[in-house]
Amino acid sequence: MIQRRSRVREEVPAASSPPTDSESIQKLYAENVTAIYRFIYSKVGNREEAEDLTSQVFIKAVRNVDGTRDAQSVQSWLFQVARTTIADYWRDFYRLRTDSLDDLLTAGWEAAIHDEVAQPEEHIEQVQHILSRLPARYREVLTYRFLLNYSIRETADRMGLTEANVKVLQFRALKKAAGTGEETP
């Protein structure tokens, strides 16, 4: 099979440059734009962003497409270009802007920090109030997990439960605590 592929490549003239023929570029676009757009839209969920990313994919395609490939191979390659473009989009979207500490302090972060530190008794009272209204098992799992910072495994060992049971118990306890917290004055 390897020999067969090498013979085919020898028979087809090597052309690694993108197609310069505007008809072939239009055909490439017309045959693939809907599928690529739908794929991108399914990943970003926003029409405008999907349109922009689709155009980026085809700009990259026009620059780098191999005219010697068959239609199926080109379409597979376009989907790979789309995946890479989507990954770049999400990477940029979630990239955190780094601010200097001075910028954060002038923006008001200092006051928020001082307020939090100045009134810890209020938070402690609220936590104690919420915990006191929970059943003993819920109170125990939340204490181990969040007040004592035990892992799931350590909590399971302390409580004599499986890790899966601890996860379920923790979920239920948090749900119940959230409902109790809303009633807190």
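Taken together, the values in this text are just the output of simple stated rules run on the coordinates, not laboratory data. Small disclaimer: the values here were computed from a predicted structure and weren't measured. For neighbour counting, all protein chains shown are included, and Cβ atoms are generated from backbone atoms with ideal geometry for every residue, glycine included.
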Subtracting the Cα-Cα distance from 0.36 nm times the residue separation, let me have the gained length for N64 to R158 in nm, one decimal. 27.9 nm
Which lysines does K175 reach when only Cα atoms under 19 Å apart count, and residues fewer than 8 places away in its own chain are ignored? K167
Note, the range 46-55: 3J(HN,Hα) by Karplus (6.51, -1.76, 1.60, θ = phi - 60°), whole Hz, Gly/Pro = x, goes 9, 4, 5, 5, 5, 5, 4, 5, 4, 5
Testing the spin-label approximation: label points 7 Å from Cα along Cα→Cβ at R172 and T34. State their distance in nm. 5.1
Sum of side-chain charges, E49 neighbourhood, beta-carbon under 13 Å (Lys, Arg +1; Asp, Glu -1): -3
Using a basic spin-label model with each label point 7 Å from the Cα along Cα→Cβ, how many nm lie between N46 and W90? 1.5
Simple SL model, points at 7 angstrom along Cα→Cβ for L147 and K27; separation in nm is 7.3
Applied in sequence order to the range 138-153, the curve 6.51 cos²θ - 1.76 cosθ + 1.60 (Karplus, θ = phi - 60°) yields integer Hz couplings, x standing for Gly and Pro, of 5, 4, 5, 5, 5, 5, 4, 6, 10, 8, 9, 6, 7, 6, 4, 4
